[in-house]
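The values are calculated or read from the model by the stated rules, or taken from the named source; none is laboratory data. Remember, it's a predicted structure, so these values are computed and weren't measured experimentally. FYI the Cβ positions are ideal-geometry reconstructions off the backbone, even for glycines, and counts take in every protein chain you see.
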Amino acid sequence: MSYYKVLGLQKEPFSTSPDPAFFFESIEHKTALTNILIEIRLKRGLSVILGDVGTGKTTLSRKLFQMLENRENIDFFMILDPTYETEFLFLMSLVKTFGLELNVKDPTILDLREEIKSFLFQKGFNEKRTVVLLIDEVQKLNSMSLEVLRILLNYETNEFKLLQLVLLGQMEFLPQLIETKNLVDRVSLKYTLGPLNEEETRQMIEFRIARAGYQSGEKLFSDKSFREIHKYTKGYPRRISMLCHKALKKIVMENNLFVDEKTIQNIINSEVKLGWQKEDQLLKNNY
């Protein structure tokens with residue numbers, strides 16, 4: 001039996017996988033989502049969402065996909081690892097992402113550009129649909145790839161952009177964006193996600209427990225434990241999830257009924273505090 005079932009939970013509440021069902025809408029996340037949806041509805045073109053590692057950018061992208069995938073007039077596409085050495089490879093990736101079939105046996109860069117351009121005009125102008133392309137981990141994009149995106153944003157009617165581009169990435173992307181003058185001028189929305197405050201940390205933990213099916217009237221976390229969790233995670237959602245996961249496993253192994261302040265302090269002293277720097281580096285490498 002899984003540890004979470006022992007506690008009366010139906011699912012694992014603190015997985016670090018980007019499950020939109022467990023997406024906690026803090027004020028900042030809700031603001032980011034609302035603004036992205038407005039930009040897409042108005043067809044303004046380019047939205048950029050930045051944040052440090054573990055602030056919930058990838059989960060936000062999955063939530064946005066969940067909200068838009070079933071809308072009749074929207075075609076939503078995602079690229080999760082935008083690492084391309086050449087313009088040709090990036091354009092070929094876009095062709096595959098959009099599901100296009102090439103009629104040319106050995107296409108050139110010009111052929112690929114024209115195919116994508118025709119697709120966007122067919123969808124956006126002739127069919128009156130909104131094409132949304134979300135790219136995660138945009139700090140991996142090189143200057144060549146950014147130039148490709150700039151060209152795509154040039155495809156427009158007199159009233160709107162034919163491609164709605166949503167870029168999500170770490171803060172290190174900001175200097176690169178600023179240096180790309182012809183692209184930064186096209187940014188319609190730039191929003192930076194920050195960590196949760198102490199109250200939002202408590203709300204996130206309680207939200208995820210409820211989402212996991214917990215129905216008991218007894219609390220799994222004490223009020224003081226929330227304070228300790230926020231103190232040591234600095235309010236970063238992924239860190240919160242990892243620490244809470246360890247805390248629930250610990251109380252199951254020790255046959256305790258709930259997570260208190262001492263539980264969190266013991267974990268911090270034995271695991272988190274000593275290995276935090278290595279854990280941060282591991283997160284950067286894996287996410």
- [ ] Read through the list (1) over 21 Å from the mean Cα position of the chain (by Cα); (2) outside the structural domain of G124 (by TED's automatic domain parsing); (3) not polar (S, T, N, Q), then give the number of the only condition that L89 fails.
- [x] (2)
TODO: State all residues of the stretch 188-210 that are in contact (Cβ under 8 Å) with a residue 40 or more places away in the chain and in a helix (DSSP H, G or I); if no residue qualifies, say none.
DONE: E200, Q203, M204, F207, R208, I209
TODO: Collect the residues in the stretch 157-187 that are in contact (Cβ under 8 Å) with a residue 40 or more places away in the chain, more than 19 Å from the chain's Cα centre (by Cα) and surrounded by 16 or more Cβ atoms within 10 Å (Cβ to Cβ), keeping them in residue-number order.
DONE: K161, L162, L163, L183, R186
- [ ] Could you check, for the stretch 55-76, whether at least one of its residues is in contact with a Gly (Cβ under 6 Å, 6 or more places away or on another chain), assigned by TED's automatic domain parsing to the domain that holds R150 and not small (G, A, S)?
- [x] yes
TODO: Would you check if N255 is modelled with pLDDT under 90 and either small (G, A, S) or in a helix (DSSP H, G or I) (or both)?
DONE: no
- [ ] Can you give me the number of residues within the stretch 121-153 that are out of contact with any Asp or Glu (no Cβ under 9 Å at 6 or more places or on another chain), within 17 Å of F90 (Cα to Cα) and assigned to a loop (DSSP other than H, G, I, E, B)?
- [x] 1
- [ ] Please go through the stretch 27-54 and pick out each residue that is of a type in the set (D, E, K, R), in contact with a strand residue (DSSP E or B) (Cβ under 6 Å, 6 or more places away or on another chain) and not in a loop (DSSP other than H, G, I, E, B).
- [x] E28, E39
Task: Options L33, L64, L60, L50: the member that is among the hydrophobic types (A, V, I, L, M, F, W, C), touching a residue at least 24 places away in the same chain (Cβ under 8 Å) and under 17 Å from L163 (Cβ atoms) - done: L64
Task: Unmet criterion (only one of (1) surrounded by 14 or more Cβ atoms within 10 Å (Cβ to Cβ); (2) not assigned by TED's automatic domain parsing to the domain that holds I49; (3) not hydroxyl-bearing (S, T, Y)) for A210 - done: (1)
Task: Scope the stretch 84-114; condition hydroxyl-bearing (S, T, Y), under 22 Å from I135 (Cβ atoms) and loosely packed, with under 13 Cβ neighbours inside 10 Å; matching residues - done: T86
Task: Odd one out for F65, checked against (1) closer than 27 Å to P175 by Cβ; (2) modelled with pLDDT under 95 - done: (1)
TODO: Assess whether L248 counts as being part of a helix (DSSP H, G or I) and under 16 Å from I264 (Cβ atoms).
DONE: yes
Task: Considering residues of the stretch 84-104 that are assigned to a loop (DSSP other than H, G, I, E, B) and not hydrophobic (A, V, I, L, M, F, W, C) only, the residue nearest to Q139 (Cα to Cα) - done: Y84
Open item on the list: Can you tell me which condition L80 does not meet? The list is (1) of a type outside the set (D, E, K, R); (2) within 27 Å of R41 (Cβ to Cβ); (3) without any contact (Cβ under 8 Å) to a residue 12 or more places away in the chain, and all the others hold.
Closed with: (3)
